[in-house]
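Chemist: Sharing a structure with you now.
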2 protein chains.
Amino acid sequence: MTDVVQVSKVRCFDGWQYVFKHPSETVGCEMTFGVYIPDHKQNDEKLPTLFYLSGLTCTHANFIEKSGFQRFASKHRFIVVNPDTSPRNVNIPGEDDSWDFGSGAGFYVNATAEPWSKHYRMYSYVVEELPQVAAKVAPIDNHKMGIFGHSMGGHGALVIGLRNPQLFKSISAFSPISNPTSCAWGIKALTGYLGEDKSKWADYDASLLLAKYDGPERHILADQGAEDDFLKQDQLRPEALKSTSKVQVEVRMQPEHGHSYYFISTFIEDHFTHFAKQINH
Amino acid sequence: MTDVVQVSKVRCFDGWQYVFKHPSETVGCEMTFGVYIPDHKQNDEKLPTLFYLSGLTCTHANFIEKSGFQRFASKHRFIVVNPDTSPRNVNIPGEDDSWDFGSGAGFYVNATAEPWSKHYRMYSYVVEELPQVAAKVAPIDNHKMGIFGHSMGGHGALVIGLRNPQLFKSISAFSPISNPTSCAWGIKALTGYLGEDKSKWADYDASLLLAKYDGPERHILADQGAEDDFLKQDQLRPEALKSTSKVQVEVRMQPEHGHSYYFISTFIEDHFTHFAKQINH
């Protein structure tokens, strides 16, 4: 059994914000994650659970400290689980050299290129290991799980949600990297983690996955700040997220807003409402 | 005219979170402060304004990033101004040696003891200079101002509010240092800033000021986490805040809560509601 250790526990609204760490088999290093658990009955009550994926340079801490999500997790009585953004300290040469590749920038892929393939397996970590590890410490209703995220984590949420509809019944995002195969951040990351062969990249591009998605119907909510500098640099490309017969994509351009947690905190309530609607569909 | 320079501006809810800096005449160094300005009419509309004072080790940033106050400043259409907690980099030997004295720990007093008396004048800074400086950049209704704060800043809010009822129509606090003349933090700070003569300390002790308060009637709201370690160490002493014929003190012990911004974020809404009630009294 995986050894999950409590790092901290603090009261916040009608629930507890925890941080845990555990040795991850998937990525081969110690991983840290946050779990917010609303007050619940002491019997076997299970609660709907949202997984949140953070953006470049973030750890588990940014979302916990800055988004204000606990107000709505408490109100709706949803568990929220949020992992770190990459393996850490795995002794790969150059792992800490870039802010948009390596540490803090796992891009939620399973790397196949050396020297990254052993540790940089954040896709499998989020899909397979994290839900099971989190279920050891929180009463997760695994029939009512959703996923959302910000920027690189918005990309991760879209990709993981679209590829695993049986696992995640709801998807939403803040300023997601929507078309990584055609933006500078994505090309750098996918080349580094997957190699030069672009045919291998398509499974990690939300706009390409959307076009061929054939699972149960989905309504994806995405909020995007209209004054986001990364939008202007063409890193995000929300216009590439096109609705299909199976997936309604609702991109809301938010005037005057940027890319920061001030933007996330402004609209976080709507992403909880969205999840509530999807799981009660 | 004081030269106020904009450091940053970011959209948050229906308003803007600013940070400004200016050379302060009162404390003799550059000071940084936050101002949240909700959207308002472009004519001469003035808005009610809350001043927030932070606790030990904080800068202007903690409250802005972690409390989630902007949700309620936006909703009520209140301006919020929050200064740094001390002068910085004023070349006093030892100014950075302690986390509870000197930099980050001005205690909102006017120091009279050397070598602190020239710069450590946070009482006058908050009462006299900051409202005027902030009024240059925000449409403050100076007939509808309130003050609140956390820990050392809760002490500051109580002391400044009780000594200046003409200026601040509302007072509230999170886990305030309520009786600094009889707790370790307060004794260290007041000895250092004011000298050994304890008769000089009374003007900076909220519980002593309450007993002799003779201004307009006040209702003070104070939230205190029941599991706050500093409460258990007898640093806060909320039991010393006793209601009088002039002042109703409502101390709410909040079970399971601690001293952090998770606690503040949980109850921040009530402090905005409190201010709204006081100014519409």
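Chemist: Residue by residue through segment B:167-173, what is 3J(HN,Hα) from phi via Karplus (6.51 cos²θ - 1.76 cosθ + 1.60, θ = phi - 60°)? Round to whole Hz and write x for glycine and proline.
Modeler: 8, 10, 8, 9, 9, 8, 7
Chemist: May I ask for the distance between the Cα centers of segment B:1-68 and segment B:178-224, given as a whole number of Å?
Modeler: Segment B:1-68 and segment B:178-224 have Cα centres separated by 27 Å.
Chemist: Counting only DSSP beta bridges with both residues in the protein assembly as shown, tell me the antiparallel percent, nearest 5. Please report the intermediate quantities before stating the final value.
Modeler: Numbers: 44 of 94 bridges.
Restricted to the protein assembly as shown, the bridges split so that about 45 percent are antiparallel.
Chemist: Then there's this: Among A:Glu95, A:Glu239, B:Glu227, what is the fewest-to-most ranking by other Cβ atoms within 10 Å? Can you show the working numbers first?
Modeler: Details: A:Glu95 21, A:Glu239 12, B:Glu227 16.
Sorted ascending by nearby Cβ count, the order is A:Glu239, B:Glu227, A:Glu95.
Chemist: In the protein assembly as shown, if the dipole is taken from +1 on Lys/Arg beta carbons and -1 on Asp/Glu beta carbons about the Cα centre, which of B:His22, B:Ser54, A:Val249 is farthest to the positive end?
Modeler: In the protein assembly as shown, that residue is A:Val249.
Chemist: Related question: Over all directions, how big on average is the projection of the convex hull of the alpha-carbon atoms in the protein assembly as shown, in square nanometres? Before the final figure, lay out each step's value.
Modeler: On the way: hull surface 110.5 nm².
Result: 27.6 nm².
Chemist: Now, a different point. Please give the charge dipole size of the protein assembly as shown, origin at the Cα centre, charges +1 on K and R Cβ atoms and -1 on D and E Cβ atoms. Round to the nearest 20 debye.
Modeler: On the way: 54 positive and 66 negative charges, 248 e Å.
The calculated dipole for the protein assembly as shown is roughly 1200 debye.
Chemist: Also, I was wondering about something else. Determine ³J(HN,Hα), in whole Hz, for all residues of segment A:192-205 in sequence, where each value follows from phi through the Karplus function 6.51 cos²θ - 1.76 cosθ + 1.60 and θ = phi - 60°; x replaces Gly and Pro.
Modeler: Coupling constants for segment A:192-205: x, 8, 10, x, 6, 5, 5, 5, 7, 8, 4, 6, 10, 10 Hz.
Chemist: Could you list which residues have their amide H under 5 Å from that of A:Met31, counting only those 5 or more apart in sequence or on another chain, with H placed in the peptide plane?
Modeler: It is A:His22, A:Ser24, by chain and number.
Chemist: Follow-up. Under a point spin-label approximation (7 Å from Cα along Cα-to-Cβ), what is the A:Glu25-B:Thr273 distance to one decimal in nm?
Modeler: 4.9 nm
Chemist: For the rotation taking A to B, I'd like to know which residue in chain A has the C-beta closest to the axis, plus that distance in Å.
Modeler: Taking Cβ atoms only, the nearest residue and its distance are A:Gly68, 2.
Chemist: Please tell me the relative contact order of chain A in percent, rounded to the nearest whole number, where contacts are Cα pairs under 8 Å and at least six residues apart.
Modeler: Details: 646 pairs, mean separation 46.5, N = 281.
Rounded, it is 17 percent for chain A.
Chemist: In deg cm²/dmol and to the nearest 500, what is the mean residue ellipticity at 222 nm of the protein assembly as shown if only DSSP H runs of at least 4 residues count, each as -39500 (n - 2.57), divided by the residue total? Intermediate values should be presented prior to the final figure.
Modeler: Details: 16 runs with 144 residues, N = 562.
Value at 222 nm, helices only: -7000 deg cm²/dmol.
Chemist: For chain B, modelled as a GNM with alpha-carbon contacts under 10 angstrom, which of B:Val81, B:Val159, B:Val249 fluctuates the most?
Modeler: For chain B, modelled as a Gaussian network with Cα springs under 10 Å, the answer is B:Val249.
Chemist: Near the amide H of A:Leu47, under 5 Å away, which other amide H atoms are found, from residues 5 or more places off or on another chain, if H is placed in the peptide plane?
Modeler: Sorted by chain and number, the residues that satisfy this are A:Ile140, A:Asp141.
Chemist: Quick one: putting +1 on the C-beta of Lys and Arg, -1 on the C-beta of Asp and Glu, what dipole do you get for segment A:125-281 around its Cα centre, in Debye to the nearest 20? Numbers along the way, then the final one.
Modeler: Working: 15 positive and 19 negative charges, 86 e Å.
Roughly 420 debye, rounded to the nearest 20.
Chemist: Right, next: Report, as an integer, the average count of C-beta atoms from other chains found within 10 Å of each Cβ along B:263-276.
Modeler: 2
Chemist: Write out the trypsin sites (Lys or Arg not before Pro) in segment A:178-281 meeting two conditions: DSSP loop, and at most 14 other Cβ atoms within 10 Å of their Cβ. Intermediate values should be presented prior to the final figure.
Modeler: On the way: sites: A:Lys188, A:Lys198, A:Lys200, A:Lys212, A:Arg218, A:Lys232, A:Lys242, A:Lys246, A:Arg252, A:Lys277; in loops: A:Lys242, A:Lys246.
Of the trypsin sites (Lys or Arg not before Pro), the ones in loops of segment A:178-281 whose Cβ has at most 14 other Cβ atoms within 10 Å are A:Lys242.
Chemist: Still on this structure: Could you compute the FRET efficiency for A:Gln248 and A:Asn142, with r as their C-beta to C-beta distance and R0 at 35 Å, rounded to 0.05? Please report the intermediate quantities before stating the final value.
Modeler: On the way: r = 25 Å, r/R0 = 0.71.
Result of the calculation: an efficiency of 0.90.
Chemist: Quick one: compute the contact order of segment A:1-156, relative version, from alpha carbon pairs under 8 angstrom and 6+ residues apart, as a percent.
Modeler: 28 percent
Chemist: Here's a follow-up. Please provide three numbers in whole Å: the alpha-carbon extents of segment B:122-281 along the principal axes, with the largest listed first.
Modeler: Computed over segment B:122-281, the largest-to-smallest principal extents equal 41, 38, 33 Å.
Chemist: Top mean-square fluctuation among B:Met253, B:Met145, B:Met31, Gaussian network model of chain B, C-alpha springs under 10 Å?
Modeler: Of B:Met253, B:Met145, B:Met31, the most mobile in the Gaussian network model is B:Met253.
Chemist: Same structure again: Using a Förster radius of 41 Å, what is the FRET efficiency between B:Lys232 and B:Gln132 based on their Cβ-Cβ separation? Nearest 0.05, please. Please list the in-between numbers first.
Modeler: Values: r = 40 Å, r/R0 = 0.98.
Efficiency computed from Cβ-Cβ geometry: 0.55.
Chemist: Continuing with this model, one more query. For a footprinting-style exposure proxy, rank B:Ser67, B:Ser117 by other Cβ within 10 Å, fewest first. Walk me through the numbers before you get to the answer.
Modeler: On the way: B:Ser67 26, B:Ser117 14.
Least to most surrounded, the residues fall as B:Ser117, B:Ser67.
Chemist: Sticking with this structure for a sec: As a test, work out the antiparallel percent of DSSP beta bridges whose residues both lie in segment A:5-279, rounded to the nearest 5.
Modeler: Values: 22 of 47 bridges.
Counting DSSP beta bridges with both partners in segment A:5-279, the antiparallel share is about 45 percent.
Chemist: May I have the convex hull volume per residue, in Å³, for the Cα set of segment B:50-168? Display every interim value, and only then the final one.
Modeler: Values: hull volume 12.5 nm³, N = 119.
Here the figure is 105 Å³ per residue.
Chemist: Listing B:Ile92, B:Ile140 from the residue with the fewest other Cβ atoms within 10 Å to the one with the most, what is the order?
Modeler: By the 10 Å Cβ count, ascending: B:Ile92, B:Ile140.
Chemist: Along the positive direction of the dipole of the protein assembly as shown (beta-carbon charges: Lys, Arg +1; Asp, Glu -1; about the Cα centre), which of A:Ser260, B:Asn280, A:Ser103 reaches farthest?
Modeler: The one lying farthest along the dipole's positive direction is B:Asn280.
Chemist: Give the long-range amide H neighbours of A:Arg121: residues separated by 5 or more places, or on another chain, with amide H under 5 Å away, using H modelled in the peptide plane at 1.01 Å from N.
Modeler: A:Ala111
Chemist: Using +1 on the beta carbon of Lys and Arg, -1 on that of Asp and Glu, and nothing else charged, what's the dipole of segment A:5-279 about the Cα centre, debye to 20? Walk me through the intermediate numbers first.
Modeler: Values: 27 positive and 32 negative charges, 148 e Å.
The dipole magnitude comes to about 720 debye.
Chemist: What FRET efficiency comes out for B:Asp214 versus B:Asp96 if R0 is 56 angstrom and r is the Cβ-Cβ distance? Round to the nearest 0.05.
Modeler: Working: r = 40 Å, r/R0 = 0.72.
With a Förster radius of 56 Å, E is 0.90.
Chemist: Same structure again: With N residues in segment A:5-279, what two-decimal value do you get for its Cα radius of gyration over 2.2 N^0.38 Å? Present the calculation step by step, with values, prior to reporting the outcome.
Modeler: Details: Rg = 17.3 Å, N = 275, 2.2 N^0.38 = 18.6 Å.
Normalised by 2.2 N^0.38 Å, the Cα Rg of segment A:5-279 equals 0.93.
Chemist: Using the structure shown, list the pairs from A:Lys9/B:Lys188; A:Lys46/A:Lys169; B:Lys21/B:Lys212; B:Lys9/B:Lys188; A:Lys21/A:Lys212 with a Cα-Cα distance above 26 Å, or answer none. Display every interim value, and only then the final one.
Modeler: Details: A:Lys9/B:Lys188 31 Å; A:Lys46/A:Lys169 16 Å; B:Lys21/B:Lys212 37 Å; B:Lys9/B:Lys188 37 Å; A:Lys21/A:Lys212 37 Å.
Beyond 26 Å between Cα atoms: A:Lys9/B:Lys188; B:Lys21/B:Lys212; B:Lys9/B:Lys188; A:Lys21/A:Lys212.
Where a number appears in this text, it was derived from the coordinates with a stated rule and is not lab data. All values reported here derive from a predicted model rather than from experimental measurement. Backbone-built Cβ (ideal geometry, glycine too); neighbour counts: all protein chains shown.
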